[in-house]
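Q: Before I ask anything, let me first share the structure, which is written out below as structure tokens.
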Amino acid sequence: MFLLGVTTVSPAAAVSDSELKRLIRGEPSDIAKRVSGVSSRRISLPFDYITATGNSDPLEGWKVATSSPTSLGVQAVRELLAISGISIEQVGLTLGDTGTPYQTCPSEAQRIMGEFGVKSAAFDLVGGIGAVPHALAVVSRWSSERLPEYMMYVSTNTPSQQVNYHEDPSSAGLFGDAAVALLFGKSAGDKGRRIKISYAKFSPEDRRRLPVVAQGSVRLNEDDLLSAEQLSNNISAELESLRSFDSKLVGNAVFIAPQLYAAQAAEILNRCGVAGDRIVSGVNDIGFSIGASHGVALAKVWEKISKERPVVLMHCGDGQRGSVVLMAS
Amino acid sequence: MLSILGMGTCHPTTSIDNHFLEALDVGTNAQWIEEKIGILERVTTLPVDYIKTTRNQDPRMAREVASATPTDLGTKAAESALKRAGIKATDIGMIIVNCCSPQQTVPGEAVRIAERLGINVEAYDVYTACPAFALHIDFLRNFGTVNLPEFVLCVSTATMTHHVNYNDRSDGAIWGDGAAAWVVSSRNPGKLEILDSTYTADPTRCAAVVVDSYRFFHQDGRAVRDFSVRQTVRLVKAIEESYPIDWSRDIFIGHQANRTMLEQITNNREIPPSNHWHNVTYLGNQAGAGAPASLSMNWDSLQAGQHIVVAVVGAGLSWGSIVMRVS
């Protein structure tokens with residue numbers, strides 16, 4: 001399958017670092033800046049609601065939210081269809097992902113497709129913080145005979161609606177809302193650029209547990225994050241694997257690092273010879289949108305992908321580390 | 001060709017009978033429940049005193065008092081499936097899980113079960129609620145034979161009673177908790193050979209069956225029942241037209257929604273009671289675990305040459321089927 005297009009959407013409301021100080025109580029946390037490089041986050045809750053309540057009860061947050069995971073996903077799909085020039089009826093399979101569902105049943109993919117009013121196969125392929133590279137790795141291993149002409153993948157998350165802004169300054173600084181939609185096709189015809197998944201490999205890592213979103217409020221515990229040494233070991237191992245696949249790849253590719261660790265990972269990549277202008281963040285101006293973050297970064301570099309300039313999506317931090325290489329065919 | 005090498009189940013030991021539900025005084029009685037849905041008992045991870053006193057009016061409290069989580073049930077079912085398959089947890093190369101009542105959403109249920117089993121493998125959720133058995137098999141077939149690890153563990157687990165409003169006269173009668181697991185291989189022959197599978201959906205009707213994340217299950221009961229019977233009959237008919245099904249020898253397993261509905265289906269297809277395997281009568285509707293649990297509970301009764309026909313439907317609305325042959 002070829003990757004034919006990517007779109008991403010976020011709510012319009014942005015919270016800068018200085019605005020964040022007015023929303024939280026107590027001292028701001030430096031985790032979002034130091035680990036992830038977040039300097040602004042998009043949120044779907046009204047500021048006055050956060051100021052008044054802190055969003056201590058996410059159920060109340062949902063009542064006043066400007067977007068839901070489903071509405072963001074639908075918007076991303078509409079934009080994807082518009083740029084791809086295909087109709088929703090041509091999509092034979094939709095895969096969904098969310099870490100912040102309003103409903104645990106039906107699946108997010110079914111809710112999104114339900115908004116379009118079409119009958120077609122849909123289910124969720126839930127990959128957590130590495131959702132996009134993981135979905136690419138799964139699809140790259142599928143045999144095309146059993147697949148429809150076109151299929152979509154949508155990762156959509158509204159973690160801002162599950163942040164307790166008064167009690168948890170770390171999460172308040174880190175999380176933002178976004179949806180990403182990817183279109184796959186058996187062939188591109190003349191309507192799109194063909195992006196081939198040239199390499200996809202996931203392996204176990206030495207760290208498994210990263211409880212980010214519980215039913216209730218999100219909670220980010222620094223103790224659950226990879227240490228700088230673990231992150232460095234993971235990235236070094238991935239670079240070694242990539243060099244084995246293609247000796248020139250690391251010197252040419254644009255890198256989308258593990259997004260929860262985007263800032264720390266960029267420093268490690270720099271030390272390994274990857275210049276800063278070849279590292280793209282999906283979290284710096286959106287916040288960490290869980291599985292959608294890799295897709296936010298991918299949308300930024302989509303037009304620049306070429307045979308000479310492939311894109312590497314790296315993932316680690318939840319028990320699996322892996323890389324996917326996208327290259328114009 | 002894929003094979004199922006072993007299956008396992010786990011169910012809580014606390015059982016609620018129809019007289020208990022009648023005593024809740026919410027406008028139902030034991031006779032009505034038996035006649036309408038054919039369920040006599042259902043199993044739950046909730047303490048009966050909790051149900052009696054709170055009617056589970058705040059489902060967020062359910063997890064505080066429950067005797068087990070979906071992860072607990074799923075892990076035990078997985079251990080049982082591994083034992084039956086004759087392999088160790090460390091032999092597993094990939095885990096996929098279906099769970100419609102997760103207590104955490106990131107990481108997914110599959111990651112938690114992998115952690116409990118003590119294995120570092122590719123682990124992710126493949127989810128559609130009740131038709132999970134068909135979805136998982138159909139999903140794995142997309143990989144072909146060379147792109148799968150030697151052994152894949154599939155789990156469907158749910159504690160749906162945590163999302164039941166026990167002031168509702170119908171919902172309390174339907175749901176039970178449970179998990180089922182099955183070990184699949186594309187390289188090693190197993191007791192069940194997968195001959196065929198299907199999975200699809202009609203998302204235009206996704207609002208017909210809903211579980212709110214922090215609240216209750218609710219459904220358009222009549223529409224869902226009509227859909228379930230009609231769609232299951234269509235699935236079985238399609239299989240009968242493509243495979244040499246002989247209902248005096250072969251076995252039918254449907255979605256364990258309720259026994260009355262299943263009997264409408266078996267009557268339509270002239271499937272004798274002896275060749276219809278079900279567990280809903282004494283366990284309740286266990287969401288995606290019900291159908292595979294029925295098969296697992298009859299594992300030792302499988303006879304060489306038998307076809308096992310699974311037709312499952314559910315939220316989404318979605319549906320699927322599996323045709324297997326006992327080797």
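The values are calculated or read from the model by the stated rules, or taken from the named source; none is laboratory data. Since we're looking at a predicted model, the values are computed, not measured. Positions of Cβ are generated from backbone atoms using ideal geometry, with glycine treated the same way; all protein chains shown enter the neighbour counts.
Q: A:ARG141 is checked against (1) away from chain B (no Cβ under 12 Å); (2) more than 22 Å from A:GLU79 (Cβ to Cβ) and fails just one. What number does that condition carry?
A: With (1) away from chain B (no Cβ under 12 Å); (2) more than 22 Å from A:GLU79 (Cβ to Cβ) applied to A:ARG141, the lone miss is (1).
Q: For A:PRO11, state whether it is touching a helix residue (DSSP H, G or I) at 6+ places or on another chain (Cβ under 8 Å) and farther than 13 Å from A:GLY287 by Cα.
A: In short, no.
Q: Which ones in the range B:75-90 are more than 14 Å from every other protein chain (Cβ to nearest Cβ), within 16 Å of B:VAL184 (Cα to Cα) and touching a strand residue (DSSP E or B) at 6+ places or on another chain (Cβ under 9 Å)?
A: B:ALA77, B:ALA78, B:GLU79, B:SER80, B:ALA81, B:LEU82, B:LYS83, B:ARG84, B:ALA85, B:GLY86, B:ILE87
Q: Take B:THR145 and tell me if it is within 12 Å of another protein chain (Cβ to nearest Cβ), more than 17 Å from B:GLN286 (Cα to Cα) and surrounded by fewer than 17 Cβ atoms within 10 Å (Cβ to Cβ).
A: The answer is yes for B:THR145.
Residue-by-condition table, conditions (1) in contact with a helix residue (DSSP H, G or I) (Cβ under 6 Å, 6 or more places away or on another chain); (2) crowded, with 19+ Cβ neighbours inside 10 Å; (3) facing chain B (nearest Cβ under 8 Å):
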{"position": "A:VAL132", "(1), (2), (3)": "yes, yes, no"}
{"position": "A:MET152", "(1), (2), (3)": "no, yes, no"}
{"position": "A:SER155", "(1), (2), (3)": "yes, yes, no"}
{"position": "A:GLY173", "(1), (2), (3)": "yes, yes, no"}
{"position": "A:GLY176", "(1), (2), (3)": "no, yes, no"}
{"position": "A:LEU183", "(1), (2), (3)": "yes, yes, no"}
{"position": "A:SER187", "(1), (2), (3)": "no, no, no"}
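Q: Next up: In the range B:142-160, what residues are hydrophobic (A, V, I, L, M, F, W, C) and not in a loop (DSSP other than H, G, I, E, B)?
A: Hits for the range B:142-160 are B:VAL152, B:LEU153, B:CYS154, B:VAL155, B:ALA158, B:MET160.
Q: I need the full set of residues from the range A:212-249 which are assigned to a helix (DSSP H, G or I) and touching a strand residue (DSSP E or B) at 6+ places or on another chain (Cβ under 8 Å), in order please.
A: Scanning the range A:212-249 gives A:ASN234, A:ILE235, A:ALA237, A:GLU238, A:SER241, A:LEU242, A:PHE245, A:LEU249.
Q: Another question, if that's okay. Taking only the range A:91-126 into account, find how many residues are closer than 16 Å to B:HIS136 by Cβ and among the aromatic types (Phe, Trp, Tyr).
A: The number of residues fulfilling the criteria is 1.
Q: Quick check on A:VAL126: is it hydrophobic (A, V, I, L, M, F, W, C), within 20 Å of the chain's Cα centre (by Cα), surrounded by 24 or more Cβ atoms within 10 Å (Cβ to Cβ) and facing another protein chain (nearest Cβ under 7 Å)?
A: Answer is yes for this residue.
Q: Sticking with this structure for a sec: What's the number of the condition A:LEU3 fails, among (1) touching a Ser or Thr at 6+ places or on another chain (Cβ under 9 Å); (2) not in a helix (DSSP H, G or I)?
A: Unmet condition: (1).
Q: Okay, next question. Answer yes or no as to whether B:PRO70 is at pLDDT 95 or above, within 14 Å of chain A (Cβ to nearest Cβ) and surrounded by 15 or more Cβ atoms within 10 Å (Cβ to Cβ).
A: Yes; evaluated as a whole, the condition is true for this residue.
Q: Restricting attention to the range A:122-136, does a residue exist that is touching a Pro at 6+ places or on another chain (Cβ under 6 Å) and within 16 Å of B:THR105 (Cα to Cα)?
A: yes
Q: For the range A:261-281, give me the residue count where each residue is in a helix (DSSP H, G or I), more than 10 Å from A:LEU231 (Cβ to Cβ) and touching a residue at least 60 places away in the same chain (Cβ under 8 Å).
A: Final tally of qualifying residues: 3.
Q: Continuing with the same structure: Which residue out of A:GLU115, A:GLU89 is more than 9 Å from chain B (Cβ to nearest Cβ) and among the charged types (D, E, K, R)?
A: A:GLU89
Q: Right, another one. Are any residues in the range B:180-214 modelled with pLDDT under 90 and more than 23 Å from B:ASN258 (Cβ to Cβ), and if so, which ones?
A: Within the range B:180-214, B:SER213, B:TYR214 qualify.
Q: Output the residue which, of all residues in the range B:38-55 that are within 19 Å of B:LEU283 (Cβ to Cβ) and either under 17 Å from the mean Cα position of the chain (by Cα) or polar (S, T, N, Q) (or both), is farthest from the other protein chains (Cβ to nearest Cβ).
A: Among them, the one singled out is B:GLU41.
Q: Between residues in the range A:1-14 that are touching a residue at least 24 places away in the same chain (Cβ under 8 Å) and residues that are assigned to a strand (DSSP E or B) and polar (S, T, N, Q), which pairs lie under 6 Å by C-beta distance while being six or more apart or on different chains?
A: Pairs that qualify, where the first residue is touching a residue at least 24 places away in the same chain (Cβ under 8 Å) and the partner is assigned to a strand (DSSP E or B) and polar (S, T, N, Q), are A:ALA14/A:SER40.
Q: Please verify whether A:ASP57 is surrounded by 24 or more Cβ atoms within 10 Å (Cβ to Cβ) and either in contact with a Phe, Trp or Tyr (Cβ under 9 Å, 6 or more places away or on another chain) or under 28 Å from B:ARG112 (Cα atoms) (or both), treating the condition exactly as stated.
A: Taking the combined requirement at face value, the residue does not satisfy it.
Q: Something else about it: Could you please find all residues in the range B:161-189 being aliphatic (A, V, I, L, M) and either out of contact with any helix residue (DSSP H, G or I) (no Cβ under 8 Å at 6 or more places or on another chain) or assigned to a helix (DSSP H, G or I) (or both)?
A: Across the range B:161-189, the qualifying residues are B:ALA173, B:ILE174.
Q: Pick out the one residue from B:SER170, B:SER186 that is of a type outside the set (A, V, I, L, M) and under 30 Å from B:GLU22 (Cα atoms).
A: Of the residues listed, the single one that is of a type outside the set (A, V, I, L, M) and under 30 Å from B:GLU22 (Cα atoms) is B:SER170.
Q: Report, by residue number, each residue of the range B:187-226 that is in contact (Cβ under 8 Å) with a residue 60 or more places away in the chain and away from chain A (no Cβ under 13 Å).
A: If the condition is that a residue be in contact (Cβ under 8 Å) with a residue 60 or more places away in the chain and away from chain A (no Cβ under 13 Å), then B:ASN188, B:PRO189, B:GLY190, B:LYS191, B:LEU192, B:GLU193, B:ILE194, B:LEU195 are the ones that fit.
Q: Moving on. Give me the pairs: first residue in the range B:125-152 and of a type in the set (Gly, Ala, Ser), second residue in a loop (DSSP other than H, G, I, E, B) and surrounded by 24 or more Cβ atoms within 10 Å (Cβ to Cβ), beta-carbon distance under 6 Å, and six or more apart or on different chains, which are they?
A: From the range B:125-152, the pairs are B:ALA129/B:CYS100; B:ALA129/B:ALA315.
Q: Would you pick out the residues in the range B:12-28 that are in contact with a Lys or Arg (Cβ under 6 Å, 6 or more places away or on another chain) and modelled with pLDDT of 95 or more?
A: Of everything in the range B:12-28, just one residue is in contact with a Lys or Arg (Cβ under 6 Å, 6 or more places away or on another chain) and modelled with pLDDT of 95 or more, namely B:ILE16.
Q: To continue, here is another question. Can you pull out the residues in the range A:295-326 that are surrounded by fewer than 24 Cβ atoms within 10 Å (Cβ to Cβ) and in a helix (DSSP H, G or I)?
A: Within the range A:295-326, A:ALA299, A:LYS300, A:VAL301, A:TRP302, A:GLU303, A:LYS304 qualify.
Q: In the range A:250-271, is there at least one residue being more than 30 Å from A:PRO69 (Cα to Cα) and of a type in the set (Lys, Arg)?
A: Yes; the residues of the range A:250-271 include at least one that is more than 30 Å from A:PRO69 (Cα to Cα) and of a type in the set (Lys, Arg).
Q: Would it be correct to say that A:VAL64 is aliphatic (A, V, I, L, M) and touching a residue at least 60 places away in the same chain (Cβ under 8 Å)?
A: No, not satisfied.
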